Structures are given as C-alpha cells and as structure tokens.
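A short write-up of the structure that comes next.
The values are calculated or read from the model by the stated rules, or taken from the named source; none is laboratory data. Because the structure is a prediction, the values reported are computed rather than measured. Methodologically, a virtual Cβ is constructed for each residue, glycine included, from the backbone with ideal geometry; neighbour enumeration extends over all protein chains shown. The accessibility values were calculated without ligands, DNA or RNA, using every heavy atom of the protein model including side chains. Shrake-Rupley method; radii C 1.70, N 1.55, O 1.52, S 1.80 Å.
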Amino acid sequence: MRASVRNAFLAGAILAAMTGKAEARPQWLIQVHGGAGVLERESMTPERDAETRAALREALEAGGAVLDDGGSALDAVEAAVRVLEDDPHFNAGKGAVFTADGRNELDASIMDGATRQAGAVAGVTRTRHPVTLARAVLEKSPHVLLMGEGADQFSAEAGVEQVDPSYFRTEERWRQLEKMRAREAAGEQAGVFDKEVKYGTVGAVAMDREGHLAAATSTGGLTGKSHGRVGDSPLIGAGTYADDRACAVSATGSGEFYIREGVAHEICARVRFLGEDAQAAADAVQAETRALGGDGGVIVIDKDGGAAFSFNTPGMYRGRLVAGAEAMVGIYGDE
Ligand code: ASP
C-alpha cells in the first residue's frame, strides 16, 4: 500500500475511533461494555477506576487479537466477554449479583450476524463462562434459548467448563444484597431497579475483516431479583442482536424495560429500514426506552463500520478498538 493511501486509511480509522463515524470502513473493530449505572468520579476510587479500565482494555485486546488474525466477529465477541466474565469487578461470571434468596443465576447470549444463528442461556448456576455455553447452544443444539436446570445439564454434557456455584460469590455483591435487604426491612422502597446499585453486565459487538457482525451479552441480572427472573440479556432482540444487513447490539440496563422496547432488534430495524447509522438509531431507541422508565445503555456497530455508545445513566463502562488505532476506554458520561 502506498504511504499516502495508508495514511489516509489510518486517518479514517482514527477519526472513526474518535467520533464513532465510519469515514472509511475500518478493517475491523470491536466495542465492549461493562454495564451502565451511577458511575461518577466521586463514587469511584482511583484503584477501581484503573482496574476497570485495564479490564476493558484487556477485553478489547482479546477480541482485537482474534480480528487482527482474520478470525470471525463471533469468536471475537466471545473472547472479549470471557475476559470480563472472569473479572470480579463486573456483574457477569465471577462477581455476578445475588438473587433475593442469595443465589447467582446467570444469563448470556450470542448472535452471529452472518447467519443470524443465535444461542442463549438463562438462570445457569455452574458454568464459568456463560457466553461460551450460549455459543454451545448456538452450535450444538437445535434451540436458541435453554434455561435453568436443563441449561446446566446441557452445559456439563457439552463439555463447557463447570465450577461450584460458590465460585461466583464476591463479598462486595453479597454486601449489596444485604444492604438491599436491610433497606427493605426498614420499609424503604429499595427495589431491583435502584440506580445506586451499579449494574455491571458485560457485552461486546464486533465487525471482522469480512464485514460480518456479531454480538454477545452476559450478566448476573439485577441484585435482589426473584429466583427464576430472566432479564433482557439472554433474550435475542432485547439485550442482544446481530444482523449483517443492519447492525450488532449489546444492551445493559433495567432489563424489563429493554425487553418491553425490544431494544436490540429495534435499533437494527431502524438501521435496516430507515437507513439510520449506529448512533442515530441507538439514541432514538434509548430515548424511547427512557420514556418507558428504563435506564441503561447500548453499544452498536452498523454494517458500514459506524460505531456508537448511547446511555442515559451518569456513566457506562465502555471501550472501542479500531484496526490501526489506539484503544479507547471510558467510564463517565463526559469522556
Ligand atoms: N440488563 C440486565 C438485566 O436486566 C442488567 C444490567 O444490564 O445491568 O438483567
């Protein structure tokens, strides 16, 4: 490639990284999120700020390495989400929040935009990487969504890594549940949608060198949720969607509202039928979800390589890595 052409491409990629606009479609790109919530500088210690940024970078690098090697967007989103599932700072895999009766019940999903094949699991209790179990559902079962005991059983049979349920427990998440129980006992309306309880769901969207899209999401759900409650994250069309004709979306937030709005599919429908780009479609659907009462955010990559973050909470853990540019990560609304 001539230097001037290469420079022009790099400039396009860097501009795309900064603005999210696809000036020239980058060779590949990936975005991750680690949940949206009341994330403000005053409430964050410098250590936590640095650790979560490092984890987001690590996830971007894991997915980016797959894409740089010519791997698929599907492999990239799985690789990125696995990193965040292992990190106790996030509400997915280790570090998942507790149900009202003190259990960890995990939800995850993954979708391939090239084939529109999808896999998802809800309420699983023994799988270290629920996103990999969702991938196994996509590849090894005729179904899209498995739940509860049947999903746990499928996980063991499919050879996905098993752990004792105690593996997911962290003291911080247990304290959050105890605090919620204490507030409820004192007659306060704490509620599962309490914005003070940081969410922390994780997700990734990617476009590979072939232009194929994929999305994945993984979560412990909401602190104090009812045993058996299923959120938007494992629901294809609500928390996760990918379609090469439109875009790839992973959502985080008060799941019941994201389900009612059909957020991920709605964003892709706007891109496909109205011709909106990732940012316009994400902002429009976020506004509609907000009008229902939902708080949270989405990460989106459209078919032209346009990339968007959109959230209506004070902050969202997020990151973007575009081929040929530096990774960017952010937490607060003003970054
Ligand atoms: N959307 C997730 C759920 O409702 C929670 C989150 O994203 O923080 O289960």
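Among the conditions (1) touching a Ser or Thr at 6+ places or on another chain (Cβ under 9 Å); (2) at pLDDT 90 or above, the only one that residue 169 does not satisfy is (1). Out of 328, 316, report the one residue that is within 19 Å of residue 44 (Cβ to Cβ), of a type outside the set (Val, Ile, Thr) and more than 16 Å from the ligand (Cβ to nearest atom). Residue meeting the stated conditions: 328.
Here is a list: 142, 165, 130, 88. Which entry is open to solvent by 30 Å² or more (accessible area, probe 1.4 Å) and within 12 Å of residue 220 (Cα to Cα)? Talk me through it step by step, then tell me what you get.
Details: 142 fails: within 12 Å of residue 220 (Cα to Cα); 165 fails: within 12 Å of residue 220 (Cα to Cα); 130 fails: open to solvent by 30 Å² or more (accessible area, probe 1.4 Å).
Every option except 88 fails the conditions.
From the list 131, 97, 137, the lone residue that is in a loop (DSSP other than H, G, I, E, B), among the β-branched types (Val, Ile, Thr) and touching a residue at least 12 places away in the same chain (Cβ under 8 Å) is 97. Beta carbons closer than 7 Å, at least 6 apart along the sequence or on distinct chains, pair a first residue in the stretch 253-269 that is under 22 Å from residue 34 (Cβ atoms) with a second that is at pLDDT 95 or above and among the aromatic types (Phe, Trp, Tyr) for 264/241. Just one of the listed residues (114, 8, 17) is open to solvent by 30 Å² or more (accessible area, probe 1.4 Å) and modelled with pLDDT under 95, namely 8. Scanning the stretch 223-235 for residues that are open to solvent by less than 10 Å² (accessible area, probe 1.4 Å) and assigned to a loop (DSSP other than H, G, I, E, B), we see that the one that is nearest to residue 99 (Cα to Cα) is 223.
Conditions (1) closer than 20 Å to residue 141 by Cα; (2) under 15 Å from the mean Cα position of the chain (by Cα); (3) not acidic (Asp, Glu), marked per residue:
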| position | (1), (2), (3) |
| --- | --- |
| 69 | no, no, no |
| 85 | no, yes, no |
| 102 | no, no, yes |
| 106 | yes, yes, yes |
| 111 | yes, yes, yes |
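Output the helices (runs of 4 or more DSSP H) that fall wholly within the stretch 236-300 and possess 1 or more residues being modelled with pLDDT of 95 or more and away from the ligand (no atom under 15 Å from the Cβ), or say none.
On the way: elements: 255-261, 263-269, 278-292.
It comes to 263-269, 278-292.
Quick grid of which residues meet (1) part of a helix (DSSP H, G or I); (2) open to solvent by 70 Å² or more (accessible area, probe 1.4 Å):
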{"position": "151", "(1), (2)": "yes, no"}
{"position": "155", "(1), (2)": "yes, no"}
{"position": "177", "(1), (2)": "yes, no"}
{"position": "182", "(1), (2)": "yes, no"}
{"position": "187", "(1), (2)": "no, no"}
{"position": "193", "(1), (2)": "no, yes"}
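Reported count of residues in the stretch 237-252, each being more than 19 Å from residue 135 (Cβ to Cβ) and open to solvent by 10 Å² or more (accessible area, probe 1.4 Å), is 1. Checked against the criterion of being among the small types (Gly, Ala, Ser) and closer than 20 Å to residue 89 by Cβ, the candidates 55, 73, 65 yield just one match: 55.
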